[in-house]
1. Take residues that are out of contact with any Leu (no Cβ under 9 Å at 6 or more places or on another chain) and among the basic types (K, R) and tell me which of the helices (runs of 4 or more DSSP H) falling wholly in the range 235-305 contain 2 or more.
2. Can you tell which of I295, I329, I356 is buried (at least 19 other Cβ atoms within 10 Å of the Cβ) and in contact with a Gly (Cβ under 9 Å, 6 or more places away or on another chain)?
3. Residues being in contact (Cβ under 8 Å) with a residue 40 or more places away in the chain and of a type outside the set (S, T, Y): count how many of those fall in the range 106-130.
4. Residue pairs, Cβ under 9 Å, 6 or more apart or interchain, first in the range 201-217 and farther than 14 Å from H113 by Cβ and among the charged types (D, E, K, R), second part of a helix (DSSP H, G or I) and at pLDDT 95 or above. List them.
5. When you look at V247, is it touching a residue at least 40 places away in the same chain (Cβ under 8 Å), under 21 Å from A315 (Cα atoms) and open to solvent by less than 10 Å² (accessible area, probe 1.4 Å), yes or no?
6. With in contact with a His (Cβ under 9 Å, 6 or more places away or on another chain), closer than 23 Å to G76 by Cα and among the charged types (D, E, K, R) as the only criterion, which of E124, E118, E154 stands out?
Amino acid sequence: MNLVRNSRLAFRTIVSTSLLCGFISLTAVSTNAGAETNVNATAVKGEVSSTQENNSPASTALQNHFAIIAHRGASGYLPEHTLASTALAFAQGPDFIEQDVVITKDNTPVVLHDIHLETVTNVEHVFPTRHRDDGRFYARDFTLNELKQLRVHERTDSSGKQVFAKRYQGQVAHFTIATLEEHFELIRELNRELDKNIGVYPEVKSPKFHLDEGVDASAIVIDTLNEYGFSSPDGNSFLQCFDFNEVKRIRNQLAYKGKLVMLIGENEWGESDTDYNWIRSKTGMDTVAEYADGIGPWLGQLFDKTALDTGNVKAASWLEHAHANALTIHPYTFRQDALPGSMTPEQLLDTLKHVIKVDGVFTDHTPAIVIWRNAQQ
C-alpha cells in the first residue's frame, strides 16, 4: 500500500480493444479501494484466440477446479475484512478467504487492507488528534484495545464518498476491526463444524513500512499460520506479498515452507520498491519461480494489447513465462458491480479460464463465480 493516498488516484490507463464476440473497453481505474478492471462488450464481432497451453499436472488439476478467493471476505455485501464479512464469505462457498494484515502498536496482527484507518473506520471522530504529520491515521499508532473502539464502515474515497455506492448502506450495525487470530479461528471452527475445507489467503501489507517501525510483520503472520495449522507445503493456504525482496526473505531468512504468491502491481502505485515491469519479463518470472509458487497480477496485465487492437483476445506474452515455470496464476479482482455496459460476468470468466488460462480469481462477489463454475461441470 502506498503511503501517499494520491499515488493511486493519479494512475489511469485506458485501452480500447475487442473481447470475445464483442468490441470492448478495458479500463483500469485505480482508487484507494485498489486497482479495478472494467470490461464492456458493445457489438457482435471479433475472434478469440490463445497462443499457449499449460500442460503441467498441477496446472491441469487447477484448470478443472477454478479457485475462488473471497477478496477481503464478502466485501461486495458487507464492510470488508470484518468477521461478519468473513462468515458470509464462508457461507457463499469460496475455496479461500483473504486476509490483509497490518500490525498494531502492541504488535498484534489485525486484518485491514491498508496501514491507514480513515478510509474504512470512524477513527477521525473517535481519535481526532492521533494522525501523523501527513494527516493519515496509522493502525501502527493504536493498540488493539483502541482499534476495537472504532466502527468499520464501507470503504470511502478521499472526499468521504462511498467507493461502491450501492453496497452496504446500513448505519446501525456495529462492525469492528478483528485480529488475524479471530479470522483464522472463525474459519477453522466453521470448517470443523460444517465439514468444510475452506482455506486462508493472508497478505503481508507494507512489510518495509513495518520493518522501519521496528516490527517484522511477515514473521508474525507466519507464526499465526503455524499456530492454526495452515502453513505446511500442503496446507490449505497461500501467503502473498507485493514486495519481491520480502518474498525472498520469507522463503530464505524466515524459512517459510508454505505456498507463496508474488503479487504484481504497477510501478506507479508505489506498493513497494519492486520493479513490476522486470517481474513480468522472462528473467523476472524465472527468478520469481525460485521463491514463489504463484503470482497475483491485476486483470489489466493479462491481455495482449496489440492483439486486442486487431480484434483478437490473447493472453499477454509475459504469461508464457509464468506458465513455463508452472506458476499458479490468481489475478485480482472480479467485481460484479464494476462491469460496465453489456459485458457479462460469464463472458469475463470464460475468457479468464479458457483464453488467459488463469487458475482462479480474487472476487468481491463469490456467488456469481460459484454459479458460473458449477455450470462448467
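The values are calculated or read from the model by the stated rules, or taken from the named source; none is laboratory data. Keep in mind the model is a prediction, meaning the values are calculated, not measured. Every residue, glycine as well, gets a Cβ built from its backbone with ideal geometry; the counts of neighbours run over all protein chains shown. These area figures cover heavy atoms from the full protein model, side chains too; ligands, DNA and RNA do not enter into them. Shrake-Rupley method; radii C 1.70, N 1.55, O 1.52, S 1.80 Å.
1. 244-251
2. The conditions single out I329.
3. The total comes to 10.
4. K208/N245; K208/E246; E213/R140; D216/P207; D216/H210
5. no
6. Of the residues listed, the single one that is in contact with a His (Cβ under 9 Å, 6 or more places away or on another chain), closer than 23 Å to G76 by Cα and among the charged types (D, E, K, R) is E118.
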